[in-house]
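Written out below as structure tokens is the structure these notes cover.
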Amino acid sequence: MQTTINNALRVVLVEDSRVLTERIAEAISQISNVELVATVDSEPAALSAVKRSNVDVLILDLHLKQGTGFGVMRALARVPVRPPCIVILTNYDLPEYKSAAMALGARYFLDKARDYDRLPDVLKEISDTRHATLNS
């Protein structure tokens, strides 16, 4: 993981595939002003990471080792923390999953096979929007 960067976009990755976690972590490390603060593989660990860190973005798989991404989003709606921007990254690109995720607060819904390469651009967009908001 990267060292702390002032005003960096703070990201938590929730993914149960070790190989994909490593690939995404490497991709994130190449993006300026974005910091990967934690990688976790379960619903309880995701909720704990969000509660203990000032997280700006949650990259969230829907199917986890324990629990689901949907469970994470439902629980975050009940927790008194500033909600992070949620980016769903899943193998289950089903219309009903996308509708449910967006209803629970996801801002982006990406298919791992088709949209994986878009993830850095999505994070840059979120970072640019955040910095524009902070500087206005």
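The values are calculated or read from the model by the stated rules, or taken from the named source; none is laboratory data. The structure presented is a predicted model; accordingly, all values stated were derived computationally and were not measured. Methodologically, a virtual Cβ is constructed for each residue, glycine included, from the backbone with ideal geometry; neighbour enumeration extends over all protein chains shown.
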Determine, yes or no, whether Tyr92 is part of a loop (DSSP other than H, G, I, E, B), surrounded by 14 or more Cβ atoms within 10 Å (Cβ to Cβ) and either in contact (Cβ under 8 Å) with a residue 12 or more places away in the chain or of a type in the set (A, V, I, L, M) (or both). yes
Among the residues listed as Ala46, Ala38, the single one being under 13 Å from the mean Cα position of the chain (by Cα), part of a helix (DSSP H, G or I), small (Gly, Ala, Ser) and modelled with pLDDT of 95 or more: Ala46
Consider Ser17 against the criteria (1) crowded, with 18+ Cβ neighbours inside 10 Å; (2) among the polar types (S, T, N, Q); (3) out of contact with any helix residue (DSSP H, G or I) (no Cβ under 6 Å at 6 or more places or on another chain): it satisfies all of them except one. Which criterion is unmet? (1)
For the range 62-77, how many residues meet the condition of being farther than 18 Å from Phe109 by Cβ and not in a loop (DSSP other than H, G, I, E, B)? 2
For the structure I just gave you, tell me whether Ala101 is part of a helix (DSSP H, G or I) and either surrounded by 14 or more Cβ atoms within 10 Å (Cβ to Cβ) or among the β-branched types (Val, Ile, Thr) (or both). yes
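When the residues of the range 75-112 are filtered to those that are aromatic (Phe, Trp, Tyr) and over 15 Å from the mean Cα position of the chain (by Cα), which remaining residue is modelled with the lowest pLDDT? It would help to see each step written out before you state the result.
Restricting attention to the range 75-112, the residues satisfying the condition of being aromatic (Phe, Trp, Tyr) are 92, 97, 108-109.
Keeping just the survivors that are over 15 Å from the mean Cα position of the chain (by Cα) gives 92, 97.
Numbers: Tyr92: 93, Tyr97: 97.
Step by step, filter the range 75-112, then rank; the result is Tyr92.
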Mind checking which pairs have a first residue in the range 112-135 that is among the hydroxyl-bearing types (Ser, Thr, Tyr) and a second that is assigned to a helix (DSSP H, G or I), Cβ under 9 Å, 6 or more apart or different chains? Tyr116/Leu20; Tyr116/Arg23; Tyr116/Ile24; Tyr116/Ala27
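Could you identify the single residue in Ile126, Ile86, Ile59 that is under 24 Å from Ser32 (Cα atoms) and either assigned to a helix (DSSP H, G or I) or touching a Ser or Thr at 6+ places or on another chain (Cβ under 6 Å) (or both)? Give the derivation first.
Working: Ile86 fails: either assigned to a helix (DSSP H, G or I) or touching a Ser or Thr at 6+ places or on another chain (Cβ under 6 Å) (or both); Ile59 fails: either assigned to a helix (DSSP H, G or I) or touching a Ser or Thr at 6+ places or on another chain (Cβ under 6 Å) (or both).
Being under 24 Å from Ser32 (Cα atoms) and either assigned to a helix (DSSP H, G or I) or touching a Ser or Thr at 6+ places or on another chain (Cβ under 6 Å) (or both) holds for just one of Ile126, Ile86, Ile59, which is Ile126.
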